Amino acid sequence: MPVAAAIVRVAVPVPLPGSFDYLWPGPGQPPAPGCRVRVPLGKGERVGLVLEIADETSITAAKLKPVGSALDELPVISSELLATLVWCAEYYHHPIGEVVAQALPPLLRRGRELPSGIVAGWRLSKDGSAQDPAMIARRAPRQAQILEALAGSSGIAEEALRASGIGRDTIVRLAKKGWIEPESIAAPVPSLESIRVGVKPELTPDQVTVLDAIQRGSGKFQPYLLQGVTGSGKTEVYLRLIEHQLERERQCLLLVPEIGLTPQLVARLEDRFGARLAIMHSNRTDSERLHAWHDAFTNEAKVIVGTRSAVFSPLPEAGLIIVDEEHDASYKQHEGFRYSARDLAVYRARQLDVPVLLASATPSLESFHNAAQGRYELLEMPRRIGSAGAPAFRIIDLNRHVAKRGLSAPLIAAIERHLAAGNQILLFLNRRGFAPVLFCSECRTVEECGHCDSRMTVHASSGRLRCHHCGSQAALTWACANCGAERIAVGEGTQRVSDELTALFSTARIARLDRDVATRHGVLTQVLADVETGQTQILIGTQMLTKGHDFPRVTMVGVLDADQGLLGADFRSNERLAQTLLQVAGRAGRRDQPGEVYIQTHYPAHPLLGCLLEHDYSAFAELALAERLASRWPPFSHLVVWRAQASTRAPAHSFLRRLATAAKQIAGPVRILGPAAPPMERRGGKYRAQLLFQCDDRAALHQLVDAMLLETRTWPEARRIRFSVDVDPLEL
Ligand code: ADP
Ligand code: ZN
């Protein structure tokens, strides 16, 4: 029975699909879409967000509960962002309530009042902008007056409308027609100080070309892919683009992979843009996050820099979106709501009708392909700033030179040379800890994690054994539990290499950069600062080394184990390795002094290394794309992976088997592959299995996922396991 009253459709942050309907009990009008409400759910109460106001519901009158209370008079999420979130929930097949929650800082999610400084206002709706005020003026001059005023703005405070002699009735009448929508308006912002002009370098010809290309554009939606080698001056390009937007009083969103690792970038932004900067990332306190969000929301912050989730930042006056290191895997959320911030940046730019710049020295093959297809405009900066030019690559064949503790004789000799010249050296090994294996040579047992199909890593300095997959720990004992013999640590992690370096180069100042070091507060900043000032001479580190630092005194980079990536099983392993190697290599070379990159490998003839020796990421990308085309992997098809896990193997597989069988009945063009166990079947005590849907046609793929999600709801199997859907997965 339809209920003839205002129905409030609410996104409630619970892991259930769909929205929830409530009755608006009055008094007055129900809150507008984008406002938060407190609503009863089960035995408790939740803070949800109004999606729409309807006049019908499929819920029976007896079951329909009233809204507890309205928290906002004005939307905290704009109609533009709300539409994007609704789209995300559909595209990623994730509950709308959880999607919406991502877009709000934690304090607002919990129901905290909006900081003051916001007033009620109105803006034109789509229908409203289609009206011709001149026609309306004949019948309703007041209404025409409002439409005209709103047409030239992004929203006007109600107070301001009333002050110009417009009655509340007129406003309500227009709202009822659906021509205007409520909008939060920032209370008048004190006028901004002029842009601080620090010392700005004179632009290189490459930088000028790129800036011209973007600024020549219409200012409307257009994706650009900037492929610029490390040190070509991409960051300077961002800064100039942002300045340009500031002159137009527009906001810029700059997404970066990891803020903690790029203190230099933040410092450069602070230096140029001072108080107009808002920094958004999840490591800040709740109140810092609320403030940053609020500054963006009220348009007080013109430059919003943040990690993945900042893609949901409010942008009432957006002018430009930039994604730095667009290839970086951290843009994809790996659990829960599995979105890609890089892809959403492009989607949002389209909704906001602003340009979006994706930039990297090593663009993802997806973006490369988009540029090749003409969907993105390709811009290139192939030259480094300064006279040094690109670093020279040298391969060390580990079949001929044995590496002791990870270091071969030619590598050690090279380190000596660069040390003697007074330069800095970076060594890259993507494995932290002391040694990856603890082995008993008597009974041949290897210490394994009790919860994962993996080995325990030896952390000698803390006297612990740690699993890097589930985090479980145990005390490190050298005596074998099985036979009592003394065990040995096999292989090496960054800790062990660091010890070895100390033994070899006793007078050198050596530092380490990995997750173990970075856990202690302030240590990370100190390590980076010491490298920057030249205090540190040799820095050994993991993946963390590859992210966006500019260390001007490094002349040598050593990659201790390139084979880690060469043998990967995933269809993306080659791409990852090429990106990682070029990113680390990019740290080598001073402005006036060329760098050297040494790569230790057992496969010196591998074609991928050949491409790198030629310094040609584009050549690599073309080759890799040809392979992807031949095997129909993305970007030549689209993927959705279903993952199931349970405490035993059988239920995870039987759920996915049933899913595969049912899906095949209605699959159409979608290929169903699996189920299969992932490379590490047991992790954190759970057995895992996965099923792949692959299709050239996105619409058909998503239809099938929706149909299957609906069907699995009735399956008892689905209750015995945990499962997830990952759209556009990065890893299989
Ligand atoms: P990328 O982001 O491409 O790695 P950066 O923008 O960080 O490169 O530039 C590398 C270095 O060159 C930085 O120290 C930067 O200050 C400097 N730089 C950038 N543009 C110029 C320029 N036009 N003239 C001189 N130095 C520059
Ligand atoms: Zn484990």
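The values are calculated or read from the model by the stated rules, or taken from the named source; none is laboratory data. Note that the structure is predicted; figures quoted are calculated from it, not measured. Neighbour counts are summed over all protein chains in view; Cβ atoms, including those assigned to glycine, are modelled from backbone coordinates with ideal geometry.
So the values come out like this:
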read-out	value
The range 530-547, subset touching a residue at least 24 places away in the same chain (Cβ under 8 Å) and among the charged types (D, E, K, R), residue farthest from residue 586 (Cα to Cα)	532
Hey, residue 416 acidic (Asp, Glu), assigned by TED's automatic domain parsing to the domain that holds residue 535 and away from ligand 2 (no atom under 16 Å from the Cβ) or not	yes
Members of the range 687-721 that are under 14 Å from residue 659 (Cα atoms), out of contact with any Phe, Trp or Tyr (no Cβ under 9 Å at 6 or more places or on another chain) and not β-branched (Val, Ile, Thr)	706, 707, 709, 710, 711, 713, 716, 719
Boolean, residue 548 is at pLDDT 90 or above, crowded, with 18+ Cβ neighbours inside 10 Å and either at positive phi or in contact with a Phe, Trp or Tyr (Cβ under 7 Å, 6 or more places away or on another chain) (or both)	no
Filter pass, residue 508 being assigned to a loop (DSSP other than H, G, I, E, B) and either outside the structural domain of residue 447 (by TED's automatic domain parsing) or within 24 Å of residue 532 (Cβ to Cβ) (or both)	yes
Filter result (under 10 Å from the mean Cα position of the chain (by Cα) and within 21 Å of residue 366 (Cα to Cα)) within the range 310-326	311, 323, 326
Qualifying residue in the range 513-523 (condition: charged (D, E, K, R), within 16 Å of ligand 2 (Cβ to nearest atom) and surrounded by fewer than 23 Cβ atoms within 10 Å (Cβ to Cβ))	yes
In the range 463-503, residue farthest from ligand 2 (Cβ to nearest atom) [restricted to those that are outside any loop (DSSP other than H, G, I, E, B) and among the basic types (Lys, Arg)]	496
Checking residue 433 against (1) among the small types (Gly, Ala, Ser); (2) more than 16 Å from ligand 2 (Cβ to nearest atom); (3) under 27 Å from the mean Cα position of the chain (by Cα), the condition it does not meet	(2)
For residue 154: the one exception among (1) surrounded by 17 or more Cβ atoms within 10 Å (Cβ to Cβ); (2) part of a loop (DSSP other than H, G, I, E, B); (3) of a type outside the set (Val, Ile, Thr)	(1)
Among the residues listed as 395, 385, 322, the single one being within 16 Å of ligand 1 (Cβ to nearest atom), β-branched (Val, Ile, Thr) and touching a Ser or Thr at 6+ places or on another chain (Cβ under 7 Å)	385
Some residue of the range 64-74 being without any contact (Cβ under 8 Å) to a residue 24 or more places away in the chain and closer than 30 Å to residue 707 by Cβ	no
All positions within the range 248-265 that are surrounded by fewer than 17 Cβ atoms within 10 Å (Cβ to Cβ) and either at pLDDT 85 or above or not assigned by TED's automatic domain parsing to the domain that holds residue 320 (or both)	248, 249
Single residue of the range 685-708 satisfying the filter (touching a Ser or Thr at 6+ places or on another chain (Cβ under 8 Å) and touching a residue at least 60 places away in the same chain (Cβ under 8 Å)) that is nearest to residue 644 (Cα to Cα)	685
First in the range 281-305 and among the β-branched types (Val, Ile, Thr), second anywhere and part of a helix (DSSP H, G or I) and buried (at least 16 other Cβ atoms within 10 Å of the Cβ), Cβ under 7 Å, 6 or more apart	303/242; 303/269; 303/273; 303/276; 304/296; 304/310; 305/269
Some residue of the range 637-645 being outside any strand (DSSP E or B), surrounded by fewer than 17 Cβ atoms within 10 Å (Cβ to Cβ) and either out of contact with any Ser or Thr (no Cβ under 8 Å at 6 or more places or on another chain) or of a type in the set (Ser, Thr, Tyr) (or both)	no
Selection within the range 495-514 - in contact with a helix residue (DSSP H, G or I) (Cβ under 9 Å, 6 or more places away or on another chain) and more than 11 Å from residue 419 (Cβ to Cβ)	495, 511, 512, 513, 514
Residue satisfying all of: in the range 566-610; of a type outside the set (A, V, I, L, M, F, W, C) and free of Cβ contacts under 8 Å to residues at least 60 places away in the same chain; surrounded by the most Cβ atoms within 10 Å (Cβ to Cβ) among these	574
Unmet criterion (only one of (1) farther than 27 Å from residue 153 by Cα; (2) crowded, with 24+ Cβ neighbours inside 10 Å) for residue 336	(2)
Positions within the range 271-280 being touching a Gly at 6+ places or on another chain (Cβ under 7 Å) and in contact (Cβ under 8 Å) with a residue 60 or more places away in the chain, in sequence order	271, 272
Answer residue from the range 401-425, given it is in a loop (DSSP other than H, G, I, E, B) and of a type outside the set (A, V, I, L, M) and is surrounded by the most Cβ atoms within 10 Å (Cβ to Cβ) among those	406
All positions within the range 243-270 that are free of Cβ contacts under 8 Å to residues at least 12 places away in the same chain and within 14 Å of ligand 1 (Cβ to nearest atom)	267
Unmet criterion (only one of (1) among the aromatic types (Phe, Trp, Tyr); (2) part of a strand (DSSP E or B); (3) surrounded by fewer than 17 Cβ atoms within 10 Å (Cβ to Cβ)) for residue 87	(2)
